[in-house]
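Student: First the structure, then my questions, so here it is.
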Amino acid sequence: MPVRSFRVFVAVIACALVGLAPAFGASITTKVTIHVPSKSLSIMPYYFGKDKGFFTAEQIEPQLVMMAPPVAIAALVAGELDFSSTTGAATSAIMRGLPLRRVFYVQQDPVHVLVAQPEIRTVEDLIGKTIGVTALTDAVGMSANVILRAHGIEAGKVTLLAMQVTDNAIKALTTKRVAATLLAPPYVEELEAKGYVKLADARTYAPLSFIGLVSSTETIKKNPQKVYGMIAALHRTMSYIVNPANRNEVVQYVSTYHKIDLPLAEKAFTAQMLGYSKDGTKPRAAVEKEIEIYRESLKIAKTFTPDDLEDMSLLRKVQGR
C-alpha cells in the first residue's frame, strides 16, 4: 500500500475509533459499595432495582454490604464505603459533626413495629426487661426510646441491647434473649403469624427516617456523577415500585425475595407502602420534628435545620431531567 494511502487509511480508522469512544465509555459501569442493615422490605428496593437493571441503566454496579449501622457510618467517613442506606445512624453522626448528608429517601415514614413475646400484652409490660435494637443511636434505637417515653417508661426501667443487625434481633427474640425488638415488614407479619405481639407502630410516635441514601460531603463534591447515578437509579426503582400497575409483579418479587407465600407478601408489602417515599423526598416539617427527637435523645444543645442533614440538589436535577 502506498505511504499516502496508508496514512489516509490510518486516519479513517482513528476517526472511527474516536466516534465509537463515547458509546463504549457510556457502557462502562461504576462499582459502588453500599451499606445495608438488613434485607427487610425497607431495603428491598436496592435488590429490586439491581435485579431489574435500573442501576445498570445509570452505569452503576451496586455491591450491597450488610453490617451494623455504626460500623458502616465509620467506614463511610473513612472512605471505605461509597454510600450507606441507614439515614438514622447517619443523622446521629451528622449532629455530632461528621461530614455526611442524606441525598435520597427510600422511606419518608417509619414502618418498624415494636414486636414482643406472646405473653407480653402492653408496652408497660416491658418494664424491667430487655429490648433489642440494631444500635442505640440509629433510628431503631431512637424509636424505641420515644415509644418507651410516651408510655411513661424512662431510661433505666428497661435495658436496650444493641444487636448490630436485624437477623441478630430476630434470633434474640425467638430464643427469648430479649422481650421485644423493633422490626420492619415482612418480619413483623411473619412473627405475628407465629403468635408474637405487635405493641406499637414507630410512626405513631416519631417520624424518623430509617432507609434512604447517605453520602459523604467529600464524595458529593468530588464525584457528583457517582452520587447522581445512585440517586437516578433509586428514583427509577421507587417510581416503578409505587406504581399501582406494577403491584402484582412487586408482590411476587417480595414473595420470592423473602421465601414467603403470596398472601403474607401482599400483607407485608401493604404495610411497607405506608412508609415509602414516592419521589425521594421527605416533608420539611417531618425532618424538623426528627431533628428535635435526635437533639433530645442525644442531649445536643446545638440547633440544626433540614439543610444541615440533607443535600437534595442532585435529586432535583434527576427529577428535572
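Every number in this text was worked out from the coordinates using simple rules, so none of it is lab data. Note that this is a predicted model, so its numbers are computed, not measured. FYI the Cβ positions are ideal-geometry reconstructions off the backbone, even for glycines, and counts take in every protein chain you see.
Student: Could you tell me which of 56, 142, 188 has its Cα farthest along the dipole of the chain towards the positive end, charges placed at Cβ (Lys, Arg +1; Asp, Glu -1), taken about the Cα centre?
Tutor: The residue sitting farthest along the positive end of the dipole is 56.
Student: Taking a ≥ b ≥ c as the square roots of the eigenvalues of the Cα gyration tensor of the range 113-205, is the shape rounded (a/c under 1.5), prolate (a/b larger than b/c) or oblate?
Tutor: Because its axes are fairly even, with a/c under 1.5, the range 113-205 counts as rounded.
Student: Oh, and also: Sort 141-152, 258-269 by packing, meaning the average of other beta carbons within 10 Å per residue, with the highest value first.
Tutor: 141-152, 258-269
Student: Continuing with the same structure: Suppose every Lys and Arg Cβ carries +1 and every Asp and Glu Cβ carries -1, with no other charges. What dipole size does the chain come out with about its Cα centre, to the nearest 20 debye?
Tutor: Details: 36 positive and 29 negative charges, 155 e Å.
Computed charge dipole of the chain: roughly 740 debye.
Student: How charged is the neighbourhood of residue 229? Take every other residue with its Cβ under 15 Å from the Cβ of residue 229, and add Lys/Arg as +1 and Asp/Glu as -1. If you can, show how the numbers build up before the last one.
Tutor: Details: positive: 31, 50, 222, 226, 236, 317, 321; negative: 58, 61, 82.
Neighbourhood net charge equals +4.
Student: Let me ask you something else. Quick one: which of 209-215, 116-122 comes out on top by average Cβ neighbours within 10 Å, and what's the full order, highest first?
Tutor: Put in order of decreasing packing, that is 209-215, 116-122.
Student: Calculated FRET efficiency, residue 221 and residue 119, Cβ-Cβ r, R0 45 Å, to nearest 0.05?
Tutor: Numbers: r = 53 Å, r/R0 = 1.18.
For R0 = 45 Å, the calculated efficiency reads 0.25.
Student: For the range 161-202, which trypsin sites (Lys or Arg not before Pro) pass both filters: DSSP loop (anything but H, G, I, E, B) and at most 10 other C-beta atoms within 10 Å?
Tutor: Loop-located and lightly packed - 176, 194.
Student: Going toward the positive end of the dipole of the chain, with +1 on Lys and Arg Cβ and -1 on Asp and Glu Cβ, which of 264, 41, 104 do you reach last?
Tutor: Checking the options against the dipole of the chain, the answer is 104.
Student: Restricting to DSSP H runs of at least four residues, report the calculated mean residue ellipticity at 222 nm for the chain, -39500 (n - 2.57) per run over all residues, nearest 500 deg cm²/dmol.
Tutor: -14500 deg cm²/dmol
Student: Here is a further query. Among 235, 35, 112, rank each residue by its count of other Cβ atoms within 10 Å, from fewest to most, as a rough exposure measure.
Tutor: Listing 235, 35, 112 from fewest to most nearby Cβ atoms yields 235, 35, 112.
Student: Treating the beta-carbon of each Lys and Arg as +1 and of each Asp and Glu as -1, no other charges, what is the dipole magnitude of the range 281-321 about its Cα centre, to the nearest 20 debye?
Tutor: I would put it at about 180 debye.
Student: Could you tell me whether the range 199-253 comes out rounded, prolate or oblate from its Cα gyration tensor? Rule is a ≥ b ≥ c as square roots of the eigenvalues, rounded for a/c under 1.5, then prolate if a/b exceeds b/c, otherwise oblate.
Tutor: Oblate shape, in that a/c is at least 1.5 and b/c is the bigger or equal ratio.
Student: Going 7 Å from the Cα of residue 204 toward and past its Cβ, which residues in the range 117-139 have a backbone nitrogen under 15 Å from where you end up?
Tutor: 121-126, by backbone N distance to the label point.
Student: With a length cut of 18 Å (Cα positions projected on each helix's long axis) and a Kyte-Doolittle mean of at least 0.0, go through the chain and give me the DSSP H helices that pass.
Tutor: 3-26, 224-241
Student: Between residue 302 and residue 242, what length in nm is gained on full extension when 0.36 nm per residue of separation is reduced by their alpha carbon distance?
Tutor: Net length gain for the segment: 17.9 nm.
Student: Output the peptides 70-78, 185-193, 123-131, 226-234 sorted from most to least packed, where packing is the average of other Cβ atoms within 10 Å over each peptide's residues.
Tutor: 226-234, 185-193, 70-78, 123-131
Student: State the volume of the convex hull built on the alpha-carbon positions of the chain, expressed per residue in Å³ and rounded to an integer.
Tutor: Hull volume over Cα atoms, normalised by residue count, gives 160 Å³.
Student: Is the shape of the range 150-204 best called rounded, prolate or oblate, per the rule: a/c under 1.5 gives rounded, else a/b larger than b/c gives prolate, else oblate, with a ≥ b ≥ c the square roots of the Cα gyration tensor eigenvalues?
Tutor: oblate
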